[in-house]
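What follows is a single structure, written as structure tokens, with notes after it.
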Amino acid sequence: MKKTLKIGGVMAISVFSYSYLGVESYIVEVEVDLSNGLPVFNIVGMGDLAISESKERIRSCFKNIGVDFPIKRVLVNLSPANIKKKGSHFDLSICVGIVANLGMVHNIKNLKKYLIIGEISLNGEVKSVKGVINATILAKENNFKGVIVPFENYNEARLIEGIDVIPVKSVVETLKILNEEIEIEDYVDKMKNEINAVWKNEEIEKNEDFEEKLDFSDVKGQFLAKRAMEIAAAGGHNIFLIGDPGSGKSMLAKRLVTILPDMSNEEIIETTKIYSVSGLLNEENPIISKRPFRNPHHSSTQVSLVGGLSRVGEITLALNGVFFMDELAEFASKTLESLRQPLEDGKVTISRAAVSVVYPVKNITVAASNPTPSGYFSDDPLCIDSLREIKRYEKKFSGPFLDRMDLYVEMRRLKKEEIFSKEESESSEEIKKRVEKARKIQKKRFKTELLNANMSKRQIVKYCKIDKDTQQIFENAIEKMKLSARMHDKILKVSRTIADLENSKNIEMEHLLEALNYRKK
């Protein structure tokens, strides 16, 4: 592609790849130069260990595809050179750059048409890498003709329309494509059929396995909690379930995804991007088409929950899905407090001395806990805790953290009549229809995918108006319950969602009273 003239007519050849910082990607120009001198192979440009080790993979690859590695000074520069780069996906572009320097790419201009990514094995095969969908989006935004990606990453890359995606299995195939020795359209069609055949067989194998289907009809009783879950799903609200052991907290949380609308194409791309850079995509899950459910253990560290410079946190992996924190009281206090800002701002910002990364946070957060150390409410005869122990236990849930929860529901253990009842509860499918209808109302109102839980102050004023009588009741409740200004806004948002579920244009008194019912007394 790009040639930089040097003294004596020797030229460095550039191939294009990419790198990423957090979930944000940028173009990397892989400059390859061969010159006379001692036979050394150097890669500069702030690459990590995986990039440094690519030298040995490339040397072996050359030998096994029948090409002599040049006995020259090989210098590779990853530009921009002042940004740290990581990953094994530079292998293929570096290899192509060296081969092009040897005159084995007949039309150098073809190198400027494609973003080239892939790890290479010792025998010249191209293996899957992280962040391919991010690279494909980047290539489209920068007007590349297409991307050359590993065969195994094709399904995630082809989610992006308007750009050629060429899957390859080996270095030799890559060179044939760049040399126009094969018809690209026919080749891609052949690869598509092969990939679809593999995918279809895997789907058949999965369907043959017994898999329990979660449904709200499995949960007996707990009508108030089910109603709260429906409201949370409809408006994107966070919810805190507190109750006796075995009352159904975890069962409800795990079934929340079953009443959420199917993911849109934009949500699928957005979520797949996160899983791609995290290395969590594989042949069984080439794309994330179902809403994720993340349930980290209470021993999880702060970095594992909110993320760090080199990894995405659990709260971000739950993007467009459900983030469930069971046994909330067992999480470290510092860890819980680190979630306050992400839950409020909808993003995680990790800053260090020379770099800063931002991860999106967009999910329904469900927290669950027992009310006391022994597990039972203080008015239950089974509760054996002292008042001091209960107070100490309650301090684990700080006021600011609870303020981020839109709905608060107490769940008592089931009565024997409810346990042995043969009456079937409402199914997830029935609840999901109401949720979808409420979300359509919100989409029409905001003219975007915005949900009630994410309304701004100005939008609350515009869309959450109440009459004078309702306003008076609200003011009395705020005074009596000692609610914060944040809770004032959250109650109005929940009221708006309840009104949408009832297909009501305005927030009525009964909607506000129900929303107030989901607050800690």
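The values are calculated or read from the model by the stated rules, or taken from the named source; none is laboratory data. Every value quoted in this text rests on a predicted model; they were computed, and no experiment measured them. In this analysis, Cβ positions are derived from the backbone assuming ideal geometry, glycine residues included, and neighbour counts consider all displayed protein chains.
Points worth noting:
- Search result, residues across region 422-449 that are surrounded by 15 or more Cβ atoms within 10 Å (Cβ to Cβ) and out of contact with any helix residue (DSSP H, G or I) (no Cβ under 7 Å at 6 or more places or on another chain): E436, F446
- When each of M455, M405, M411 is tested for being surrounded by 15 or more Cβ atoms within 10 Å (Cβ to Cβ), of a type outside the set (S, T, Y), in contact with a strand residue (DSSP E or B) (Cβ under 6 Å, 6 or more places away or on another chain) and over 15 Å from I231 (Cα atoms), the lone residue that passes is M411.
- Among the candidates Q341, Q302, residue that is out of contact with any helix residue (DSSP H, G or I) (no Cβ under 8 Å at 6 or more places or on another chain), free of Cβ contacts under 8 Å to residues at least 40 places away in the same chain and surrounded by 14 or more Cβ atoms within 10 Å (Cβ to Cβ): Q341
- Within the option set I231, I274, being farther than 30 Å from L49 by Cβ, β-branched (V, I, T), touching a Ser or Thr at 6+ places or on another chain (Cβ under 8 Å) and crowded, with 20+ Cβ neighbours inside 10 Å holds for one residue only, I231.
- Condition broken by K127, with the remaining ones in (1) surrounded by 23 or more Cβ atoms within 10 Å (Cβ to Cβ); (2) under 24 Å from E181 (Cα atoms); (3) not β-branched (V, I, T) satisfied: (1)
- Of the helices (runs of 4 or more DSSP H) lying entirely inside region 78-184, those containing at least 1 residues that are at pLDDT 95 or above are 91-101, 132-141, 171-178.
- Candidate set from region 233-271 (those that are among the hydroxyl-bearing types (S, T, Y) and outside any helix (DSSP H, G or I)); member that is modelled with the highest pLDDT: S264
- Among residues of region 140-177, those that are touching a Phe, Trp or Tyr at 6+ places or on another chain (Cβ under 8 Å), within 18 Å of I120 (Cβ to Cβ) and hydrophobic (A, V, I, L, M, F, W, C), counted: 5
- Residue satisfying all of: in region 150-186; under 18 Å from I98 (Cα atoms) and of a type outside the set (A, V, I, L, M); surrounded by the most Cβ atoms within 10 Å (Cβ to Cβ) among these: T174
- Counting the residues of region 458-488 that are surrounded by fewer than 17 Cβ atoms within 10 Å (Cβ to Cβ) and in a helix (DSSP H, G or I) gives 18.
- As for region 66-86, it holds no residue that is surrounded by fewer than 24 Cβ atoms within 10 Å (Cβ to Cβ), on the phi > 0 side of the Ramachandran plot, assigned by TED's automatic domain parsing to the domain that holds K176 and in contact with a Cys (Cβ under 7 Å, 6 or more places away or on another chain).
- Residue satisfying all of: in region 281-315; in contact with a Lys or Arg (Cβ under 9 Å, 6 or more places away or on another chain) and part of a helix (DSSP H, G or I); nearest to I350 (Cα to Cα) among these: V303
- Residue satisfying condition, being closer than 19 Å to N454 by Cβ and either in contact (Cβ under 8 Å) with a residue 40 or more places away in the chain or not polar (S, T, N, Q) (or both), within set D403, D385: D403
- Tally, over region 373-387, of residues that are more than 17 Å from S250 (Cα to Cα) and either in contact with a helix residue (DSSP H, G or I) (Cβ under 9 Å, 6 or more places away or on another chain) or surrounded by 17 or more Cβ atoms within 10 Å (Cβ to Cβ) (or both): 6
- Considering region 477-502, and only residues there that are touching a residue at least 40 places away in the same chain (Cβ under 8 Å) and among the β-branched types (V, I, T), the residue that is nearest to R439 (Cα to Cα) turns out to be T497.
- Flag: L513 matches the condition of being over 27 Å from D345 (Cα atoms) and either among the hydroxyl-bearing types (S, T, Y) or surrounded by 15 or more Cβ atoms within 10 Å (Cβ to Cβ) (or both).
- When the criteria are applied in full, I419 fails the requirement of being in contact (Cβ under 8 Å) with a residue 60 or more places away in the chain, among the aliphatic types (A, V, I, L, M), touching a helix residue (DSSP H, G or I) at 6+ places or on another chain (Cβ under 9 Å) and assigned by TED's automatic domain parsing to the domain that holds G236.
- Counting only strands (runs of 3 or more DSSP E) that sit wholly inside region 341-456, those with at least 2 residues that are among the hydroxyl-bearing types (S, T, Y) and modelled with pLDDT of 90 or more are 364-369.
- Reported count of residues in region 237-268, each being touching a strand residue (DSSP E or B) at 6+ places or on another chain (Cβ under 6 Å) and either hydrophobic (A, V, I, L, M, F, W, C) or within 30 Å of A157 (Cα to Cα) (or both), is 7.
- Here C464 meets the list (1) assigned by TED's automatic domain parsing to the domain that holds D262; (2) within 25 Å of L512 (Cα to Cα) almost entirely, failing just condition (1).
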